[in-house]
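A quick write-up on the structure given underneath.
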Amino acid sequence: MIAVTGANGQLGKLVIAELLQSTPAASIVAAVRNPESAAELKSLGIHIRQADYTKPETLTAAFADVKKLLLISSSEVGQRLPQHHNVIRAAQQVDVRLLVYTSLLNLDQSTLALANEHRGTEKFIRDSGIPFVMMRNAWYLENHTGQLAAILNNRTMLGAAAEGKFASASRADFAAAAAAVLTSSGHENTIYELAGDHAYTLSEFVAEIASQSGKSIVYKNMLPAEFETALISFGIPAGFAHILANSDAGAAQGHLNSTSCDLHDLIGRNTTTLADAIRAAFPA
Ligand SMILES: NC(=O)c1ccc[n+]([C@@H]2O[C@H](COP(=O)([O-])OP(=O)(O)OC[C@H]3O[C@@H](n4cnc5c(N)ncnc54)[C@H](OP(=O)(O)O)[C@@H]3O)[C@@H](O)[C@H]2O)c1
């Protein structure tokens, strides 16, 4: 049995869809915080089990006959270490044979604030003795294309990444890589640095939007503290604004860039291009 945590999330749903290409629905567990929100997954014929990272008893029950487990990192930044620890302990108790974790690109050198919880989680996983695979994901293209409507509206993108490059890929690319690891052999105790084939700066990102829209769009680079203040003024919660500004500052130092071919090799195809991602995100 293969289980995917956070299966109601955007990445989780894509992983389940990929798994179904090669794995019978009866061998897949969608481990979700709220089973009542999993009607879409249930219609696929897979097992739906409650798995709340904050409730250890749900985790051991959800993973009962699971041999391969994908732990999709929690979206509750700041709470993730104890939550992930609960998942890893439960996996140990039920004798999971492969624990796959969605970590962060360039984790060994990363200065991003987000890196700390991933480092702690990777350590828990290593210390657990469970064979592991670290899927060190780059930035999602969707983190940037999700801003498309606002950028088109304002003709400006704000950021603090300067000329730092993002070797981003789509959630679908990362999902395909996770499914490949879960459905093939020989990945035990491997770290994959998962990056898109072509990195871009935020100036190049807006240039592509300008080219596709025929509108003139500029990228305005700010100091991280200024960018954080601007995000808060737009109504973004302070903690999240700090993470976004800090991540851009890390990107400026190259921490979200990589020339690793691990993602391309795992999925056996080119990763989603910036042009295609922007085209797909354009308002209809
Ligand atoms: N590489 C990147 O650029 C990037 C960007 C954003 C996030 N991430 C990380 O990648 C993860 C997956 O991304 P995504 O886009 O799929 O995020 P998402 O759509 O927000 O999904 C996150 C999932 O985590 C689940 N979750 C949160 N707290 C939980 C808990 N206490 N117990 C069980 N499940 C819990 C959520 O459950 P519910 O459905 O019940 O809310 C949701 O299904 C994120 O959680 C985050 O750690 C990476």
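FYI, it's all coordinate maths here, none of it is from the lab. Source: prediction; values computed, not measured. Every residue, glycine among them, receives a Cβ derived from its backbone with ideal geometry; neighbour counts consider all protein chains shown.
So the values come out like this:
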{"quantity": "19 Å tail of the calculated P(r), the range 121-250, as % of Cα pairs", "calculated": "59"}
{"quantity": "Extension gain (nm, one decimal) between Arg97 and Ser128, 0.36 nm per residue minus Cα-Cα", "calculated": "10.0 nm"}
{"quantity": "Karplus 3J(HN,Hα) series, Hz, for the range 63-73 with 6.51 cos²θ - 1.76 cosθ + 1.60 (x for Gly, Pro)", "calculated": "9, 2, 10, 8, 9, 10, 10, 9, 8, 7, 3"}
{"quantity": "Three-way shape label, the range 28-157, alpha-carbon gyration tensor, a/c 1.5", "calculated": "oblate"}
{"quantity": "Dipole magnitude of the chain about its Cα centre (Cβ charges: Lys, Arg +1; Asp, Glu -1), debye to nearest 20", "calculated": "380"}
{"quantity": "Theoretical gain in end-to-end length, Phe240 to Gln10 [0.36 nm per residue, Cα-Cα removed]", "calculated": "80.9 nm"}
{"quantity": "Per-pair calculated FRET efficiency, R0 = 25 Å: Lys67 and Ser37 via Cβ, rounded to 0.05", "calculated": "0.45"}
{"quantity": "Spin-label model distance (nm) - Ala26 vs Ala284, 7 Å beyond Cα toward Cβ", "calculated": "3.8"}
{"quantity": "Equivalent ellipsoid semi-axes - Cα gyration tensor, the chain, angstrom", "calculated": "33, 20, 18"}
{"quantity": "For Leu70, distant residues with modelled amide H under 5 Å away", "calculated": "Ala3, Val4, Thr5, Val100"}
{"quantity": "All lysines inside 28 Å of Lys68 as judged from Cα atoms, apart from same-chain residues fewer than 8 positions distant", "calculated": "Lys13, Lys42, Lys55, Lys123"}
{"quantity": "Rounded, prolate or oblate (a/c below 1.5 giving rounded, otherwise prolate when a/b exceeds b/c) for the range 182-247 by Cα gyration tensor", "calculated": "oblate"}
{"quantity": "Net charge over other residues, Cβ less than 13 angstrom from the Cβ of Glu188 (K, R count +1; D, E count -1)", "calculated": "+4"}
{"quantity": "Per-pair calculated FRET efficiency, R0 = 45 Å: Ile232 and Arg89 via Cβ, rounded to 0.05", "calculated": "0.75"}
{"quantity": "Between helix 80-93 and the chain: long-axis angle, C-alpha atoms, 0 to 90°, nearest 10", "calculated": "30"}
{"quantity": "Summed residue charge, Cβ within 11 Å of Met222's Cβ, Lys/Arg positive, Asp/Glu negative", "calculated": "-2"}
{"quantity": "Pairwise FRET efficiency - Asn270 versus Ala207, Cβ, R0 = 30 Å, nearest 0.05", "calculated": "0.90"}
{"quantity": "Positive minus negative residues near Ser170 (Lys, Arg vs Asp, Glu; Cβ under 10 Å)", "calculated": "-2"}
{"quantity": "Spatially proximal lysines relative to Lys220 (Cα-Cα < 27 Å; intrachain offsets below 8 disregarded)", "calculated": "Lys165"}
{"quantity": "0 to 90° range, to nearest 10: angle between helix 10-19 axis and the chain longest Cα axis", "calculated": "50"}
{"quantity": "In degrees, nearest ten, helix 238-252 long axis to first principal axis of the chain (Cα)", "calculated": "70"}
{"quantity": "Cα-derived Rg over Rh, computed across the range 138-200 with Rh taken as Kirkwood radius", "calculated": "1.11"}
